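Notes to accompany the following structure.
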Ligand SMILES: [Fe+2]
């Protein structure tokens, strides 16, 4: 979830017969490591051109590999010869673009953090036959905001699966490929009751957790049962600034999440705020009805419980939350790792409230975005 505004690429420069450097936009020169360059060789004996996959194991390259010669071929191309007698031609602009990529989900649209004052919701009219440009608009909005709302999705059984398949592969779980959300007696999950559900991420007890959730409203005759969304990334970012100690405690505590029913027992541990190797916030794991912290030293638990209280109260703060009524034919699709969701309570005696849901992996929309980017001009 790196905020990845377009950057000016560095320039690749030959500084001697045996040295290439990347001249960064700030003027710094970063030497190109010989192994870094050698393992990117696209020479026929080094890479399968059809798949783009390597034909050798780069761990077998000598650690003292060096560059023995660099020939400037013009047109921004260099031929590089290495001490293991390998030679390869490189496109400098292409390498520069790779060097410019920040770590993380680097080539996705920039994330737009949002709070409770978001009024211009990313809402679109569903069209099963939408062209590539329209689908690109949808998927870009989803990747930027972490959610989209479609209206006019046919209110027929399993329509949610068909929408899910537009964006990725539907994930089957012990709930099946599709789950019905309506109040039922003896429910095996509080989702299937009429009580209020606070902000949470779904299924933190799974490995991996479902990346994206879709919820489709087939019928809603109740006046309650508003859907709620919170941008967990925005809240965690605010917490990092306001209360760094609480933020740190939530990134360092492995919380255990568990689900069980007569035929299933799922357990996974995750910190409430997960960071990637760069220190950027990767995602949120938060389900106040399911979280159990292991017994740790009292001072660590003191820090964790204080941090959880601060974070959870921020997640419940209207300043961060949006609410909307899902009407018949509306479908909300949201990133279950970035966003938290919930609903207000409703009175089942008012009438029916029936949603159908499914999960897809986050890879689906990301891949679709990259494929559509190839074929469409923004
Ligand atoms: Fe949920």
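Just so you know, all these numbers are worked out from the coordinates, no wet-lab data involved. Please read these numbers as outputs of a predicted model, since none were measured by experiment. Counting neighbours? That spans all protein chains shown, and the Cβs are built from the backbone with ideal geometry, glycine included.
Structure summary
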quantity: Linear extension gain, residue 221 paired with residue 16, 0.36 nm per residue minus alpha-carbon span; calculated: 66.4 nm
quantity: Separation between Cα centres of the range 298-363 and the range 87-141, rounded to whole Å; calculated: 25
quantity: The chain - mean residue ellipticity at 222 nm from DSSP helices (-39,500 (n - 2.57) per run, n ≥ 4, rounded to 500); calculated: -7000 deg cm²/dmol
quantity: Peptides ranked, highest mean first, by Cβ atoms within 10 Å: ranges 263-270, 193-200, 50-57; calculated: 193-200, 263-270, 50-57
quantity: Mean Cβ neighbour count within 10 Å, used as a protection proxy, ranking 294-300, 247-253 highest first; calculated: 247-253, 294-300
quantity: Those residues of the range 255-286 whose amide nitrogen sits under 11 Å from the label point placed on residue 300, 7 Å along Cα→Cβ; calculated: 255
quantity: Relative contact order [Cα under 8 Å, 6+ residues apart], the chain, whole percent; calculated: 23
quantity: By average C-beta atoms within 10 angstrom, highest first, the peptides 214-221, 227-234; calculated: 227-234, 214-221
